[in-house]
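Readers should treat all values here as calculations from the given coordinates under stated rules, not as data from a laboratory. It should be emphasised that the depicted structure is a prediction, and the values quoted were computed from it without experimental measurement. Quick reminder, even Gly has a Cβ in these numbers, built from the backbone with ideal geometry, and neighbours come from all protein chains shown.
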Amino acid sequence: MKSEKSISWAEIYKRWEWLSYRLPDVNEKLEINRVKVNGYIRKDGYFYGWDWIRNEDFASRTDYVANHTTSFLLGGDCLNKGTLRTLEYLAEEENAETRAAIWLYAFLRDAMEHLVDNWRGNGYEIICEVERETLLYLRGKGLEWHHAMKRLLPEPCFSQKLLNAIHLEEIDTVIELAVITADHILSHYKVAEYDSRLSEKE
């Protein structure tokens with residue numbers, strides 16, 4: 001079996017570019033839907049935040065947050081901090097290479113939370129190598145997630161059963177799974193940027 005050790009981030013990104021050729025949307029900047037928040041009125045503060053929202057829920061969710069903000073803050077279905085951090089990084093990042101690293105690292109962190117049997121041994125070494133080089137690159141850009149953040153993407157693309165059926169023997173397999181996951185999320189979710197400071201014209 002060919003050793004994949006000591007691969008550089010440059011080589012990982014080169015493979016990402018090649019494997020994402022048929023799914024070009026994963027390399028584009030996120031489309032942001034700016035939502036004016038009307039239901040948060042305070043003299044000493046403002047409401048601002050990000051949200052991943054499934055396409056079919058977008059209109060009702062943004063209407064609820066924008067117009068019933070206090071109810072949302074008190075009992076709404078809020079996203080966890082890890083997914084929001086990932087979204088913030090993706091939304092603000094102008095560089096396609098760095099966005100690729102964000103998608104890849106988030107996928108790897110989530111996949112490692114419930115490591116399947118067939119990804120142990122050599123598969124685990126492959127994941128750790130890619131994760132390490134990707135994180136080193138991101139840290140160089142000042143991007144990092146807190147270790148306590150357990151989930152970095154809004155939902156998994158693959159079941160544990162399917163992942164376990166994949167014998168992880170090459171780095172390209174991990175990268176392609178991350179590409180497919182990014183495309184799945186972009187196809188099924190919209191991004192909202194809430195801001196009570198927006199004017200009606202924005």
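Were the residues from K29 through E17 laid out at 0.36 nm apart, the gain over their Cα-Cα distance would be 2.8 nm.
A Gaussian network model of the chain, with springs between Cα atoms under 10 Å, assigns the largest mean-square fluctuation among K36, K14, K81 to K14.
A value for Cα extents along the principal axes in Å was derived from the coordinates, and within the list (1) 96, 31, 28; (2) 74, 41, 27; (3) 63, 32, 31 it appears as (3). One chain, two ends: E94 and I41. Fully extended at 0.36 nm per residue, the span grows by 15.8 nm beyond their Cα-Cα distance. The angle separating the long axis of helix 9-19 from the principal Cα axis of greatest extent in the chain is about 80 degrees. When the chain is treated as a GNM with alpha-carbon contacts under 10 Å, the residue of Y64, Y46, Y13 showing the greatest mean-square fluctuation is Y46.
In deg cm²/dmol and to the nearest 500, what is the mean residue ellipticity at 222 nm of the chain if only DSSP H runs of at least 4 residues count, each as -39500 (n - 2.57), divided by the residue total? The per-residue figure over the chain is -15500 deg cm²/dmol. For the chain, take the longest principal axis of its alpha carbons; what is the angle in degrees between that and the long axis of helix 58-67, to the nearest 10 within 0 to 90? Taking the Cα atoms of the chain, the angle to 58-67 is about 40 degrees. Across the chain, Cα pairs under 8 Å and at least six residues apart give a relative contact order of 43 percent. Once the dipole of the chain is set up with Lys and Arg at +1 and Asp and Glu at -1 on Cβ about the Cα centre, which of T83, A182, S196 lies farthest towards its positive end? Selected residue: S196. The simple Förster model, with R0 at 35 Å and r as the Cβ-Cβ distance, assigns S71 and S187 a FRET efficiency of 0.70. Only Lys, Arg, Asp and Glu carry charge here, each on its Cβ (+1 for the first two, -1 for the last two); on that basis the range 65-106 has a dipole of about 200 debye about its Cα centre.
When L74, L136, L153 are arranged by Cβ crowding within 10 Å, least crowded first, meaning fewest neighbours, the order is L74, L136, L153.
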